[in-house]
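Some notes on the structure that comes next.
The values are calculated or read from the model by the stated rules, or taken from the named source; none is laboratory data. These figures come from a predicted structure and were not determined experimentally. Please note: Cβ atoms are built from the backbone with ideal geometry, for glycine as well, and neighbour counts cover all protein chains shown. Just the protein is used for accessible areas: all its heavy atoms, side chains included, with ligands, DNA and RNA removed. Shrake-Rupley method; radii C 1.70, N 1.55, O 1.52, S 1.80 Å.
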Amino acid sequence: MRLPTRPSPFVLLCILGGLAIFSTTMAKNPALPLFIRSLGVPDGTVGFIAAASTVVGIVVSLPAGILSDLYGRKQVLLVSAFVFASAPFLYLLVHSPWQLVLVRIYHGLATAILGPVALAAVADTFEVRRGESMAWYSSATMVGRFMAPSVGGLLIAGQDFHWVYVGCGVAGVLAMLLAICLPLPRLSTASATIPALERSWQHVQKEASYVVKHRGILATSVVEAMQYFAFGFLEVYLPLRLVTIGWKPWQIGPLFTVQVWVTTLSKPIMGRLADRFGRVTLIVSGLILGAAGLLLVSLGQNYALLTLNVSLFGLGIATVTASTAALVSDLAHEDAYGAAMGVLSSIMDVGHSTGPMVGGLLVGAFGYPVAFGGVVALLAVTAIIFPMVMARH
């Protein structure tokens, strides 16, 4: 009788990522804003507390990636997994807003570390079919992100949020156990061939300097930031625009469900196409799809057409982001994948966090049509400039 084989390290990494993102997403959606309000915080201040963890990603992702190049992916992933497992239980001790800010900062370390280091581990493992493999990992995390709000909502009992964070903690502990069992080498193949004295801070600083000055890596990271800028704008201001024209919240929610599922299911396909036809081609195509989808979203009011338009935008997100991480790893040296993914994650977080802020200024000053048009133009201009920059690389 043939014994069942143990899941591959890549499959375990995908499950780990899905559980970890499920845990951290359930901690904030929909529980976090309600928890903040229950502490007596005015609605105008809720966003600043909620954003505390995002700011951590901007600061921590690059150092985390560099440390994984120096000490190995698994060692740094274990640090992230410990935060995923421990942070949820700290919410149970919160009784004032400043305590919650500290917990959110600590919890933000988990995703700030996991994102670049997990992608670097995938880059270590796959040279062929790298785009498709990174897309599968990303889709696994998006499944966790999709399931979390529904489960989290069921665990909220009035003003009692304890069960939500206990649930987050259970998922985080499971992710940590997987991280402990994850059979990753201590160092990447390239790093392991470098003598110990050379595999030092001097060597890592040299590689990190190469990454942060690399025009192609920076340009690709900016493209992903622009895509997430548009997504951050859409997820905040599409609901507000639809409410102003008379839509009900129960009508709006399914639009984003469809968008997430389209992105999740199409991403591995787009990763395979990127492996076959080239990363830059797919990135430009995705930017055009995203711009077209967002333009149509801004004009439409028919429910069926709006659902199709949001799906088109989701397909654009999948097409761009299935290629960006793979392209960045292609451009980086093999022993600097962590630093390269850290740059990508940090710049992406800047785009994602500023989308709602800049979008709010545009909406306040010029209204929804101009704001949506400005973001569409941003994606279109990025689609024109990016291949020109890469051609000169």
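So the values come out like this:
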quantity	calculated
Any hit, the range 91-102, residues being farther than 19 Å from G338 by Cα, in contact (Cβ under 8 Å) with a residue 40 or more places away in the chain and crowded, with 21+ Cβ neighbours inside 10 Å	yes
Wholly within the range 280-393, helices (runs of 4 or more DSSP H) carrying at least 1 residues that are open to solvent by 60 Å² or more (accessible area, probe 1.4 Å) and basic (K, R)	368-392
Number of positions in the range 137-176 that are outside any helix (DSSP H, G or I) and of a type outside the set (F, W, Y)	6
Scan of the range 245-259 for residues that are aromatic (F, W, Y) and open to solvent by 60 Å² or more (accessible area, probe 1.4 Å), ordered by number	W250
Among the candidates V297, V310, V284, V343, residue that is at pLDDT 95 or above, of a type in the set (V, I, T) and touching a helix residue (DSSP H, G or I) at 6+ places or on another chain (Cβ under 8 Å)	V284
Which numbered condition L242 fails, given (1) farther than 24 Å from I21 by Cα; (2) at pLDDT 90 or above; (3) among the hydrophobic types (A, V, I, L, M, F, W, C); (4) surrounded by fewer than 21 Cβ atoms within 10 Å (Cβ to Cβ)	(2)
Residues satisfying the stated conditions in the range 215-238, i.e. open to solvent by 30 Å² or more (accessible area, probe 1.4 Å) and within 15 Å of the chain's Cα centre (by Cα)	V222, M226, Y228, F231, E235
Residue in the range 212-231 that is out of contact with any Pro (no Cβ under 6 Å at 6 or more places or on another chain), at pLDDT below 85 and either under 21 Å from V358 (Cα atoms) or of a type outside the set (K, R) (or both) present	yes
Any chance T319 is modelled with pLDDT of 90 or more, polar (S, T, N, Q) and more than 16 Å from L119 (Cβ to Cβ)	yes
Which numbered condition P88 fails, given (1) open to solvent by 30 Å² or more (accessible area, probe 1.4 Å); (2) modelled with pLDDT of 95 or more	(1)
Condition met for A110 (at pLDDT 95 or above and over 21 Å from T319 (Cβ atoms))	yes
Any chance E127 is in a loop (DSSP other than H, G, I, E, B) and among the acidic types (D, E)	yes
Qualifying residue in the range 67-74 (condition: open to solvent by less than 50 Å² (accessible area, probe 1.4 Å), of a type in the set (A, V, I, L, M, F, W, C), in contact with a helix residue (DSSP H, G or I) (Cβ under 8 Å, 6 or more places away or on another chain) and modelled with pLDDT of 90 or more)	no
Selection from the range 260-279 of residues that are out of contact with any helix residue (DSSP H, G or I) (no Cβ under 7 Å at 6 or more places or on another chain) and either crowded, with 18+ Cβ neighbours inside 10 Å or not aromatic (F, W, Y) (or both)	L265, I269, R276, G278
Complete set of residues in the range 298-331 that are more than 20 Å from the chain's Cα centre (by Cα), over 24 Å from V143 (Cβ atoms) and touching a residue at least 24 places away in the same chain (Cβ under 8 Å)	S298, Q301, Y303, L306, L331
